[in-house]
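Colleague: Input: one structure, supplied below.
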Amino acid sequence: MQTFRPKKVRTFEMIVPLYNGHPANENNNTIELTKGRDCDNAVGYHTFQQNDIVYDEDGAVVSGSAEALIRRLIPTHDYCPDRSYIFTLLLNIRTFVAPSELLHKVLQHCMFEQNATGENFTKEGRTRMFANIFKLCSEWAQNMPYDFRDESMRQRLGELLGMCSVDERSELLTERLLADLQHTLNRLDRYERAVANLSPNNNEKLTQCENLNGLCELCPNPSELAQQLTQIELERLCMIGPDEIVYSLLKDSFDTTGKVASHSGASTSGNIGHYVKWFNQLTVLVASEVLRHSKKQYRVRVIEYFIDVAKECINVGNFNSVMAIVAGLSLPPIARLKKTWLRVDKSKLQILQHQLDPSANFTSYRATLKAAIWRSEGAKNDAEMIIIPFFGLLLKDMFLLHNRCIRLLPNGHLNFASFAQFGEQMVNFISWKKRRCPFKRNSSVLQYLLLANTFGESDLMKMSYECEMADQSSEREQYRKLKCEK
């Protein structure tokens, strides 16, 4: 996809209704504005007419009214926008215009274009029209398939494609596109049902034991566990649609650590919710694996084991699991185990802490991620191509970008320059979530990771005090209250 780099605008062109891809006013004349400011602000222009678009000196779209930007999206028999513009507008315009309304507008305008001249009714005219409509529809269905979960949207998509279908080839392309779309939606339904049915076996209550057990015993090789974690991460990450991220950014906010805080009082829903839930599940599992061991030597061994797993996850490119593991080792019930931590190899811990230092907006992590991205671009095998970013921080970065996208410019325009920057970030995300996982699946380890019992919040703290007794009055009081709980 073509990268958009906004530049300072010296000369602006104002464009009114766009047809056939040619920017023109009623007299087919370009209106030039010689007084303007930087495209980043897009203010200080003369009064615009309705349905105008502002371009920079290289012809890239800087801003425009919603109606004008939508018209530039709509194909004709001799015009179709490029893929970059299609993706960027489809991704961002949903904040202002619902996908169903947008598809209705596209259908209406294409019907008008089809009936505009007799030439458009010829086989050649309809063939060109179909090719351009198909390009738009395929980009939409492939990149934003969840827009078509409603049957009425799929029917309207079929109407749009069938409007200019002239031969067996066009009919075959239409059938294939709709079939691929249905396959994607069916896969989504199966995934959502499967995740909804996943629940730990609560029949057996988790208790402390004196022998080494759990993940350390089941999967003693940290590298293999990192690979199995990557399996789960990619399975969940690949199901998140770009549209879901946009809608999530509209209702959620993010603190400096990338933690999601929903204004609605509920956690993020849908596939993002499933992914966030997995992160939290892994965090608690790590803490539970440590505290299920009553002997200090085994707690030390488990902590060092997870530090090694986190290092292997970094080598793989799985940064989301790294953050979940570190979060688990940083929970108060684990962090307070002073005697246990005294026995942990400090060098291993310091390397990990440096990689994940949140200071200066996660500078160390971002440098490591950048190196992993550079490695993936020159990768010779699937394992080197894996990039699984820390999802909470990714959402925070996207939130900051998207916050500029939803603000109208002083002249009432939509900020397409910000649309493009947000779209570029989303293109990277789509590329990462489509990466294939080359590692062999270990069903017993996967089952344990997904279904293993864990301690609840109170039980974690109680087990922590039973591992190392409270040495402060506030801790002793907390432990007394925990023991009184049923």
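Colleague: Out of curiosity, is S444 in contact with a Leu (Cβ under 7 Å, 6 or more places away or on another chain), assigned by TED's automatic domain parsing to the domain that holds K380 and part of a helix (DSSP H, G or I)?
Modeller: Spelling it out, S444 is indeed in contact with a Leu (Cβ under 7 Å, 6 or more places away or on another chain), assigned by TED's automatic domain parsing to the domain that holds K380 and part of a helix (DSSP H, G or I).
Colleague: Considering only the stretch 99-115, state which residues are in contact with a strand residue (DSSP E or B) (Cβ under 6 Å, 6 or more places away or on another chain) and under 26 Å from N411 (Cα atoms).
Modeller: Residues satisfying the conditions do not exist here.
Colleague: Then there's this: Criterion first (out of contact with any Phe, Trp or Tyr (no Cβ under 9 Å at 6 or more places or on another chain) and farther than 30 Å from M239 by Cα) does Q155 satisfy it?
Modeller: Judged against the criteria, Q155 is not a match.
Colleague: D471 passes all but one of (1) in a helix (DSSP H, G or I); (2) farther than 30 Å from K380 by Cβ; which number fails?
Modeller: (1)
Colleague: Only helices (runs of 4 or more DSSP H) wholly contained in the stretch 147-238 count here; list those with 2 or more residues that are without any contact (Cβ under 8 Å) to a residue 60 or more places away in the chain and over 26 Å from G392 (Cβ atoms).
Modeller: Details: elements: 151-162, 168-196, 215-218, 222-237.
Filter on the stretch 147-238 gives 151-162, 168-196.
Colleague: Suppose we filter the stretch 328-355 for residues that are assigned to a helix (DSSP H, G or I) and under 23 Å from T368 (Cβ atoms); how many remain?
Modeller: 13
Colleague: Find all pairs meeting these conditions: Cβ atoms under 6 angstrom apart; at least six residues apart or on different chains; first residue within the stretch 391-415 and within 24 Å of K433 (Cβ to Cβ) and among the aromatic types (F, W, Y); second residue modelled with pLDDT under 95 and crowded, with 22+ Cβ neighbours inside 10 Å.
Modeller: Cβ pairs passing all conditions: F399/L249.
Colleague: Looking only at the stretch 460-486, count every residue that is under 21 Å from K205 (Cα atoms) and touching a residue at least 12 places away in the same chain (Cβ under 8 Å) and tell me the total.
Modeller: 12
Colleague: Follow-up. Kindly establish whether V284 is modelled with pLDDT of 95 or more, touching a Leu at 6+ places or on another chain (Cβ under 8 Å), surrounded by fewer than 22 Cβ atoms within 10 Å (Cβ to Cβ) and not acidic (D, E).
Modeller: yes
Colleague: If S418 satisfies every condition in (1) at pLDDT below 95; (2) over 30 Å from S294 (Cβ atoms); (3) surrounded by 17 or more Cβ atoms within 10 Å (Cβ to Cβ); (4) among the polar types (S, T, N, Q) but one, which is the exception?
Modeller: Failed condition: (1).
Colleague: Sort through L237, L225 and tell me the only one that's under 14 Å from L446 (Cα atoms) and either among the charged types (D, E, K, R) or at pLDDT 95 or above (or both). Please lay out each step first, then the result.
Modeller: Details: L237 fails: under 14 Å from L446 (Cα atoms).
None of the others qualify; the one that does is L225.
Colleague: Within the stretch 78-98, work out how many residues are out of contact with any strand residue (DSSP E or B) (no Cβ under 8 Å at 6 or more places or on another chain) and within 23 Å of S165 (Cα to Cα).
Modeller: Total meeting the criteria: 6.
Colleague: Only residues that are in contact with a helix residue (DSSP H, G or I) (Cβ under 7 Å, 6 or more places away or on another chain) and of a type in the set (F, W, Y): list them for the stretch 160-191, please.
Modeller: If the condition is that a residue be in contact with a helix residue (DSSP H, G or I) (Cβ under 7 Å, 6 or more places away or on another chain) and of a type in the set (F, W, Y), then no residue fits.
Colleague: Tell me whether the stretch 306-324 contains one or more residues that are in contact (Cβ under 8 Å) with a residue 24 or more places away in the chain, in a helix (DSSP H, G or I), over 21 Å from F390 (Cβ atoms) and hydroxyl-bearing (S, T, Y).
Modeller: Taking every residue of the stretch 306-324 in turn, none turns out to be in contact (Cβ under 8 Å) with a residue 24 or more places away in the chain, in a helix (DSSP H, G or I), over 21 Å from F390 (Cβ atoms) and hydroxyl-bearing (S, T, Y).
Colleague: Follow-up. Residues being surrounded by fewer than 13 Cβ atoms within 10 Å (Cβ to Cβ) and in contact with a helix residue (DSSP H, G or I) (Cβ under 7 Å, 6 or more places away or on another chain): count how many of those fall in the stretch 199-237.
Modeller: Residues in the stretch 199-237 being surrounded by fewer than 13 Cβ atoms within 10 Å (Cβ to Cβ) and in contact with a helix residue (DSSP H, G or I) (Cβ under 7 Å, 6 or more places away or on another chain): 1 in total.
Colleague: Only one of F399, F455, F391 is closer than 21 Å to I314 by Cα and in contact with a helix residue (DSSP H, G or I) (Cβ under 6 Å, 6 or more places away or on another chain). Can you tell me which?
Modeller: F391
Colleague: If you take the residues in the stretch 59-102 that are touching a residue at least 12 places away in the same chain (Cβ under 8 Å), out of contact with any Leu (no Cβ under 9 Å at 6 or more places or on another chain) and part of a loop (DSSP other than H, G, I, E, B), which one is surrounded by the most Cβ atoms within 10 Å (Cβ to Cβ)?
Modeller: H77
The values are calculated or read from the model by the stated rules, or taken from the named source; none is laboratory data. These numbers come from a predicted model, not from an experiment. All Cβ positions, glycine included, derive from the backbone under ideal geometry; neighbour counts span all protein chains shown.
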